[in-house]
1. Would you check if B:THR239 is among the β-branched types (Val, Ile, Thr) and in a helix (DSSP H, G or I)?
2. Would you confirm whether any residue within the stretch A:155-165 is surrounded by fewer than 24 Cβ atoms within 10 Å (Cβ to Cβ) and acidic (Asp, Glu)?
3. Scan the stretch A:34-47 and tell me whether some residue there is loosely packed, with under 12 Cβ neighbours inside 10 Å and over 19 Å from A:ALA264 (Cβ atoms).
4. Taking the criterion of being assigned to a loop (DSSP other than H, G, I, E, B) and within 9 Å of chain A (Cβ to nearest Cβ), would at least one residue in the stretch B:82-93 satisfy it?
5. Has the stretch B:115-138 got at least one residue that is more than 25 Å from A:SER102 (Cβ to Cβ), surrounded by fewer than 22 Cβ atoms within 10 Å (Cβ to Cβ) and out of contact with any helix residue (DSSP H, G or I) (no Cβ under 9 Å at 6 or more places or on another chain)?
6. Is at least one residue of the stretch B:82-104 among the β-branched types (Val, Ile, Thr) and open to solvent by 50 Å² or more (accessible area, probe 1.4 Å)?
7. Which one of these does A:ILE138 not meet: (1) touching a residue at least 40 places away in the same chain (Cβ under 8 Å); (2) open to solvent by 40 Å² or more (accessible area, probe 1.4 Å); (3) of a type outside the set (S, T, N, Q)?
8. Residues to consider are B:LEU76, B:LEU71; find the one that is closer than 14 Å to B:ILE224 by Cβ and within 14 Å of chain A (Cβ to nearest Cβ).
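The values are calculated or read from the model by the stated rules, or taken from the named source; none is laboratory data. This one's a predicted model, so the numbers in the text were calculated from it and none came from an experiment. Every residue, glycine as well, gets a Cβ built from its backbone with ideal geometry; the counts of neighbours run over all protein chains shown. When the accessible area is computed, the model is the full protein with side chains, heavy atoms only, and any ligands, DNA or RNA have been set aside. Shrake-Rupley method; radii C 1.70, N 1.55, O 1.52, S 1.80 Å.
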Amino acid sequence: MTSASIIKNPSNLRSRKIINSVMLTMCILAAVITIIPLLYIFFYTTQSGISSLNVDFFTQLPKPVGEEGGGMANAIVGSAILIGIGALIGIPVGILSGIYISEYSKTFVSTIVKFITDVLSGVPSIIVGIFAYGVIVIPMQRFSALAGGFALGILMIPTITKITEEMLKLVPQSLREASLALGVSRWKTTLKIVLKTASSGIVTGVLLAIARAAGETAPLLFTSFGNSFWQTSLDEPMAALPLQIFVYAISPYDDWHRQAWAGAFVLIFLVFVVNLLVRIVTRNKFSGNL
Amino acid sequence: MDTEIFQADVSDETDDSESSPEKESKNAVLTKDLSVYFNNRAGIDKISLKVKKNTVTAIIGPSGCGKSTFLRSLNLMHDLVPKARVFGEIFIHNENITDFSAVDIRKKVGMVFQKPNPFPTMSIYDNVVAGLKLNAHHKRSELDEIVEKNLKYSGLWEEVKDRLKTPAVSLSGGQQQRLCIARTIAVKPEIILMDEPSSALDPMSTSKIEELIYYFKEYYTIIIVTHNMQQAARVSDQTAFFYLGKLIEYSKTRRMFTNPKEKLTEEYVTGKFG
């Protein structure tokens, strides 16, 4: 029972060592299983996509069926616009509600907000698309970039809220007290001290939310709808990279399949770059300020 | 027991050897029946205490006796704790603090915390003027002057004058604490509350902080919470002994440590408990 008896009992030691190595093996196995699909997707998409990638892909519009070539320029620009609209909605709402939950966490309303945010983060993205359809598409009586951006914005909110809340809670209470004790008002303390101290973590969350939204297809299906032409006005249907990939992938044409692969590769590459950016931001956090 | 305690804090007025006609105006801090409750449990219970201007008052007592709770009620820090309720009256320079906003009170009543807490996102320079910059716009030249002056007051200038733009967290613990003191006095408070300011520091840094306290007495009224009885004896003019949320004894420090009135005080001061 005491430590001495364990040392004296080699059979106990042996069984503990066995259990230890079994558990360790299982952990390693699980880690490998996690990595395999990711690596597979990454290499397969790169292999299939990179060969179809050329300058035309980034500069040309889609060609009509039967014609070779063309590209996804409109979809790339469209995705950027849609994500931009989504960010304009998602970032301010997400960060401000995160501040509310973290800094005023003892009120009844904030408990409700926190709970609803958790639920919202689990809502399937297609449902968010239907919501945007009902709120914007039906009243406007047409598909639009605005509706698509709105849907992406709604999808970003819970992620950003959650990470803002968690990052703000990591800021030591002593910093809030130090600022308030200097006669600094509460909102200035929150903005200039608390939010600033947590900023690198929040930037990480925002970038991840954007990367997530960039790949969303379902909520765009009946909001932004897609478009084969150049189109930059916000109240018209707009092309988006994931939508274009979807349309091309289910088509029966080989050339379109190749372009879908190229689109998938571009999308994955973008997400990869964003994640790399996140790494750099968080590394600065440890070597620099906090 | 209750009646005894009430007598204890009333009778300390007899210690005021220099009582004069303008005695009232000399009060920096006055509390009347100050109680703070956390979840219906009393953190401090009916503390009535008077602190004269330009003196150093030490608050001693075992852990959990309400020293910090008392101190933090003086600059309304309990506002941050949703479950804390404060009763009784607090007067700062004979004015009831309920007549002012918390922000105004905290500008008058500065605070130095137990653990050095410089703002990690700011440089040494920005930390000193943080309170000023966050509250109003100041000219660059004006700020330069304030930074130099306050770092000199807090005895840090010579050590950091060549690296004012480096992060404040690159300083040692003792330097950080002196930076926090510079930051506190930069907003020109009249009263400085110190919550065990040197308990996280080494002996050298501690003695530097104590030197500052001694020198600051001329300009500020200081109330210091300390676990270290030698420190209380070294720096303070009067000492208050708290036990289980109540004020047991309050008198001149010299008397407190040589000839306390209460048996409990004597036992604590001599190290029989606590």
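1. Values: among the β-branched types (Val, Ile, Thr): yes; in a helix (DSSP H, G or I): no.
No, not satisfied.
2. Residues of the stretch A:155-165 that are surrounded by fewer than 24 Cβ atoms within 10 Å (Cβ to Cβ), as a first pass: A:158-159, A:162-163.
In the following step, the residues that additionally are acidic (Asp, Glu) were identified as none.
Scanning the stretch A:155-165, I find no residue that is surrounded by fewer than 24 Cβ atoms within 10 Å (Cβ to Cβ) and acidic (Asp, Glu), so the answer is no.
3. yes
4. Step one: filter the stretch B:82-93 for residues assigned to a loop (DSSP other than H, G, I, E, B), giving B:82-83, B:93.
This time we only want the ones that are within 9 Å of chain A (Cβ to nearest Cβ), so: B:82-83.
Yes: one or more hits.
5. Scanning the stretch B:115-138 turns up at least one residue that is more than 25 Å from A:SER102 (Cβ to Cβ), surrounded by fewer than 22 Cβ atoms within 10 Å (Cβ to Cβ) and out of contact with any helix residue (DSSP H, G or I) (no Cβ under 9 Å at 6 or more places or on another chain).
6. Initially, the stretch B:82-104 is screened for residues among the β-branched types (Val, Ile, Thr), giving B:86, B:90, B:92, B:97-98, B:103.
Next, from what is left, pick out any that are open to solvent by 50 Å² or more (accessible area, probe 1.4 Å): B:86, B:98.
Yes.
7. With (1) touching a residue at least 40 places away in the same chain (Cβ under 8 Å); (2) open to solvent by 40 Å² or more (accessible area, probe 1.4 Å); (3) of a type outside the set (S, T, N, Q) applied to A:ILE138, the lone miss is (1).
8. Numbers: B:LEU76 fails: closer than 14 Å to B:ILE224 by Cβ.
Result: B:LEU71 is the single residue among B:LEU76, B:LEU71 that is closer than 14 Å to B:ILE224 by Cβ and within 14 Å of chain A (Cβ to nearest Cβ).
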